[in-house]
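What follows is a short report on a single structure.
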Amino acid sequence: MSKRSGREGTLLYAGGRRWKLIRGNLDMYLLLIPGLVFLLLFKYTPMYGIVIAFQDFNIFGGISGSEWVGMAQFERLLQSDEFLQVLVNTLLISLYKITILFPIPIVIALLLNEVRRMFFKRTIQTIIYLPHFLSWVIISGLFLNILSPTGGIVNEIIRSFGGEPISFFTDNSLFRSLVVFTAGWKEIGWNAIVFIAAIAGIEQEQYEAAAIDGAGRIRQMWSISLPGMLPTIVLMFILRIGSLLEAGTEQILTMYNPLVYETGDVIGTYVYRMGLGQQDYSFSTAVGLFNSAVGFLLIVMGNMLSRKFLNRSIW
């Protein structure tokens, strides 16, 4: 039998096994159909609108009736001083969140793991992750009342000590700190759950052996808990870097105002303002496409780092 006929026979055999597998799991494949239709209609079909980033889009002419301008919107984007400021704001807020907020859930998970009274441990966990379930609209309204220069509890305390009230939401020097603080208040407890789960996966025999060898709680935390969490920590850090240009658009939209555009305007809010506010659809699409492209590259880099340090891919 020739090599060609042998190869054809192998392909036919593989194809037959594949169809047999599909027929045997037909019900499972049918269950995939609604999800695939949803992805096609609401995720992939709207991507056709990306083409307006290369046009001078006219809402009355539509995509087919708008003038093609090539890379002109991207040239305008890179030459815009306003966009450069927005990019700096986005990077600074994201880096603040990573450097300040990323380690805190790890510390919380390590400390909660040392709590031996289960009732107290569960109570603390519940209290710190409950804010995650509040929307940013509610949280913004809550902090607007607490930090209000007229009647807010914080400014009332400042007045009682003879100080002047502070307008936290309109002060450019304080707005980034306010964004980071409120993001931490909302998400730190929820993020700690991931690391608590990582610690729960560590074999208890390691702690017992360390205790027999005379290791105290701090030593066990440093030599067993932290190394056991390390793969999860690295993976979560790489994923966080992948979303570096997502500085919390929903959060900032509910909190900022024109007085703090200088320090609080990020790429997501800039796209919102330019697209819906000024109806500059082509430029805002170009900004969004730039953001998505950079985010995709960061995810790819994160996947490469994951392969290198964890010996596995994110996807």
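The values are calculated or read from the model by the stated rules, or taken from the named source; none is laboratory data. Note that the structure is a prediction, hence the values are computed from the model and not measured. We place every Cβ from the backbone using ideal geometry, glycine too, and count neighbours over all the protein chains shown. To get the accessible areas, we keep the full protein, side chains included, count just its heavy atoms, and leave off ligands, DNA and RNA. Shrake-Rupley method; radii C 1.70, N 1.55, O 1.52, S 1.80 Å.
In whole percents, the pair-distance distribution calculated for the chain from its alpha-carbon pairs, binned every 20 Å from zero, is 22, 44, 28, 5, 0.
When all alpha carbon pairs of the stretch 189-315 are counted in 5 Å bins from zero, the resulting P(r) reads 2, 10, 13, 13, 13, 11, 10, 9, 7, 5, 4, 2, 1, 0 %. For the stretch 66-119, the spread of Cα positions along the three principal axes, ordered from largest to smallest, is 68, 24, 13 Å. Neighbours of residue 52, meaning other residues whose beta-carbon lies under 13 angstrom from its beta-carbon, give a summed charge of -3 when Lys and Arg score +1 and Asp and Glu score -1.
For the pair residue 212 and residue 297 in one chain, pulling the backbone fully straight at 0.36 nm per residue adds 25.8 nm over the alpha carbon distance. Once you treat every alpha carbon in the stretch 190-229 as an equal point and sum by Debye, what is log10 I(q)/I(0) at q = 0.15, 0.19 Å⁻¹? For the stretch 190-229, the Cα-only Debye profile gives -0.34, -0.52.
Per the Debye formula on identical point scatterers at the alpha carbon atoms of the stretch 110-213, with no solvent, log10 I(q)/I(0) at q = 0.14 Å⁻¹ is -0.73. Split the accessible area of the chain by element, probe 1.4 Å, and carbon with sulfur accounts for 67%.
Give me the percent of Cα-Cα pairs in the stretch 172-256 that sit more than 14 Å apart, rounded to a whole number. Display every interim value, and only then the final one.
Details: 2624 of 3570 pairs.
Within the stretch 172-256, distances greater than 14 Å cover 74 percent of Cα pairs.
For residue 55, the residues whose modelled amide H falls within less than 5 Å of its own, excluding neighbours fewer than 5 places apart on the same chain, are 69. Applying the Karplus relation 6.51 cos²θ - 1.76 cosθ + 1.60 with θ = phi - 60° to the stretch 42-57 yields 3J(HN,Hα) values of 9, 10, 8, 4, x, 5, 4, x, 4, 4, 6, 5, 10, 10, 9, 5 Hz, where x marks Gly and Pro. The Rg/Rh ratio of the stretch 226-292, with both radii computed over alpha carbons and Rh defined as the Kirkwood radius, is 1.16. Judged by the mean number of other Cβ atoms found within 10 Å, the most tightly packed of the peptides 296-302, 277-283, 88-94 leads the ranking 88-94, 277-283, 296-302.
Rg to Rh for the stretch 78-166: what is it, with Cα atoms only and Rh by Kirkwood? Over the Cα atoms of the stretch 78-166, Rg/Rh equals 1.12. With a Förster radius of 30 Å applied to the C-beta separation of residue 239 and residue 259, the computed FRET efficiency comes to 0.35. Whole angstrom only: what separates the Cα centroid of the stretch 22-55 from the Cα centroid of the stretch 155-190? So the separation of the two Cα centres works out to 44 Å.
Our coupling estimate for the stretch 183-199, obtained by passing each phi through the Karplus curve with A = 6.51, B = -1.76, C = 1.60 and θ = phi - 60°, is 5, x, 4, 7, 10, 4, x, 5, 5, 5, 4, 4, 6, 5, 5, 5, 5 Hz, Gly and Pro reported as x. In this structure the chain gives 63 Å² per residue of accessible area when probed at 1.4 Å with all protein chains present.
Placing pseudo-labels 7 Å out from each Cα toward the beta carbon at residue 68 and residue 36 gives an inter-label distance of 3.3 nm. D for the stretch 6-141, whole µm²/s, Stokes-Einstein with Kirkwood Rh over alpha-carbon pairs at 4 °C and 1.567 mPa s: what number? In µm²/s, the coefficient is 57.
For the pair residue 50 and residue 96, the difference between a 0.36 nm per residue extended length and the Cα-Cα distance amounts to 13.5 nm. In order along the stretch 272-280, the Karplus-derived 3J(HN,Hα) couplings, from 6.51 cos²θ - 1.76 cosθ + 1.60 at θ = phi - 60°, round to 4, 5, 6, x, 8, x, 9, 6, 9 Hz, and Gly and Pro are given as x.
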